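Accompanying notes for the structure given below.
The values are calculated or read from the model by the stated rules, or taken from the named source; none is laboratory data. Nothing here was measured: the structure is a model prediction, and the numbers come from that model. Counting neighbours? That spans all protein chains shown, and the Cβs are built from the backbone with ideal geometry, glycine included. We work out accessible area using only protein heavy atoms, side chains counted, and drop any ligands, DNA or RNA first. Shrake-Rupley method; radii C 1.70, N 1.55, O 1.52, S 1.80 Å.
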Amino acid sequence: MLVTGGLGFIGSRLCNALLDAGAHVRCVDNLSGVYADGVGPAAAPGLGSRGADVRVADVGPEHVDGMDAVIHLAGLPGVRTRRSVAELLRANVELSERLAVAAAARGARLVFVSSSSVYGNARVLPTPEHAEPAPLNPYAESKLAAEAAVLRAGGDAGIVRPFTVYGPGQRPDMAFARWIGAMGRGEPAPLHAAPGAARDFTYVDDAVAGLVAALRHGRPGRAYNISGWRSVAVRSALELLGCPELRELPASDAEATVTWGSPVRASAELGYAPRVGLDAGIARQLEVASPRRLGRRRPRAPAA
C-alpha cells in the first residue's frame with residue numbers, strides 16, 4: 001500500500017490506521033509543507049518503528065512498484081494559496097496523472113484525494129457528487145483537472161472529496177489551528193468569512209475512515225463525499241472553540257459561502273458514517289493544543 005503525502009495531517013493518521021489493520025505501508029513525502037507538532041518530520045520515526053517503509057522524497061511513478069493500492073494525498077494545498085498556476089499544475093495535476101498511469105499499468109487500485117472545493121458555491125445543498133463543479137480558485141481548478149486526469153488513465157481508480165478536515169495535527173495555516181494560535185497569544189481570532197458562511201466540518205479520524213472505506217469498497221470511476229454530514233455556521237464553530245474576540249477581515253470570493261456534502265452515496269456504497277461531532281472534535285483538538293498556545297484561556301461549553 002502506497003500513501004503519498006503520508007507524513008502530513010491526514011496522511012500520518014491514515015498510515016497508522018492502515019498499519020493497525022495489518023497492511024504493509026510505503027509512505028512517501030517530500031516534507032515540503034508546514035506542519036503542526038507531531039506531524040511531518042516528527043511522524044516519520046513512529047511510522048518507521050511500526051514497520052512502515054518511510055521515504056522522504058518527491059513522489060514518482062517508481063514508488064508504485066510492488067504496491068497493490070495507492071492513496072494519493074500529496075500535492076499543494078489551500079484555497080488561499082499564492083502558488084502559481086504552473087506550480088499547481090505540476091504538483092496537483094501532472095503528478096496525479098503520472099501516478100494514475102503507473103497504477104493502471106500495474107493493476108493497482110488508486111484512491112485520489114480531491115477536495116470539496118471543486119463544487120464552489122453549489123446550487124444544491126446538501127451537494128451530491130454528480131453536481132456540476134464550479135471551482136472558485138486555481139487550487140480547486142487544479143483538483144478538478146487532476147480528477148479528470150486520474151479517470152482518463154483508466155484502471156481501478158476512484159475519487160474522494162473531503163470537506164473541511166480538522167482535528168489534532170491540523171496544519172498551522174488552517175482555520176481552527178489559526179484560531180487556537182490567536183487565542184494562545186491573547187489576540188482576536190481572524191475571521192475572513194462572508195455573512196452566513198457555513199462549513200461541513202469533518203473530524204480527521206472520520207476522514208481517514210472514509211479513505212479506507214473508499215479503498216475497500218469504492219467503485220471505479222466514482223467520486224465520494226467524505227464529510228461530517230451537516231453544515232455549521234462558521235461563527236457557531238468559533239463559539240464552540242471559545243474564541244472571546246474576533247477580528248473581522250474581508251471575505252474572499254475565492255471561497256464558497258456554504259459547503260454541505262450529501263451523505264447518500266458514501267453511506268450506501270462505502271458504508272461510511274461520521275462518528276465524531278463538531279463539539280467533541282473541537283474538544284479533542286483543544287485538548288492536545290499546547291499550553292503555550294492556549295495560555296490560561298478555556299473553551300466555552302458547547303451550546304445545547
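Residues satisfying the criterion are absent from segment 234-250 (criterion: on the phi > 0 side of the Ramachandran plot and open to solvent by 50 Å² or more (accessible area, probe 1.4 Å)). Residue check: is G261 under 18 Å from M174 (Cα atoms), in contact with a helix residue (DSSP H, G or I) (Cβ under 9 Å, 6 or more places away or on another chain) and open to solvent by less than 40 Å² (accessible area, probe 1.4 Å)? Taking the combined requirement at face value, the residue does not satisfy it.
Restricting to segment 2-32, name every residue that is assigned to a loop (DSSP other than H, G, I, E, B) and either among the charged types (D, E, K, R) or crowded, with 23+ Cβ neighbours inside 10 Å (or both). Steps first, please.
So the first thing to find is which residues in segment 2-32 are assigned to a loop (DSSP other than H, G, I, E, B), and the list is 5-8, 21-25, 30-32.
Scanning segment 2-32 gives G5, G6, L7, G8, V25.
Assigned to a loop (DSSP other than H, G, I, E, B), of a type in the set (A, V, I, L, M, F, W, C) and modelled with pLDDT of 95 or more: does that describe V212? Against the criterion (assigned to a loop (DSSP other than H, G, I, E, B), of a type in the set (A, V, I, L, M, F, W, C) and modelled with pLDDT of 95 or more), V212 does not qualify. If only residues of segment 212-228 that are open to solvent by 40 Å² or more (accessible area, probe 1.4 Å) and in contact (Cβ under 8 Å) with a residue 60 or more places away in the chain are counted, the one that is nearest to Y119 (Cα to Cα) is R222.
Do we find a residue being polar (S, T, N, Q), farther than 26 Å from D279 by Cβ and in contact with a helix residue (DSSP H, G or I) (Cβ under 6 Å, 6 or more places away or on another chain) anywhere in segment 108-119? Yes, the conditions are met somewhere in segment 108-119. Put simply, of G196, G242, G169, G221 the only residue that is touching a helix residue (DSSP H, G or I) at 6+ places or on another chain (Cβ under 8 Å) and more than 24 Å from G11 (Cα to Cα) is G242. Checked against the criterion of being surrounded by fewer than 18 Cβ atoms within 10 Å (Cβ to Cβ), farther than 29 Å from D58 by Cα, in contact with a strand residue (DSSP E or B) (Cβ under 9 Å, 6 or more places away or on another chain) and at pLDDT 95 or above, segment 132-146 has no qualifying residue. Please specify each residue of segment 79-111 satisfying the condition of being out of contact with any Ser or Thr (no Cβ under 6 Å at 6 or more places or on another chain) and buried (at least 22 other Cβ atoms within 10 Å of the Cβ). Residues satisfying the conditions are L95, S96, L99, A100, A102, A103, A108, L110, V111.
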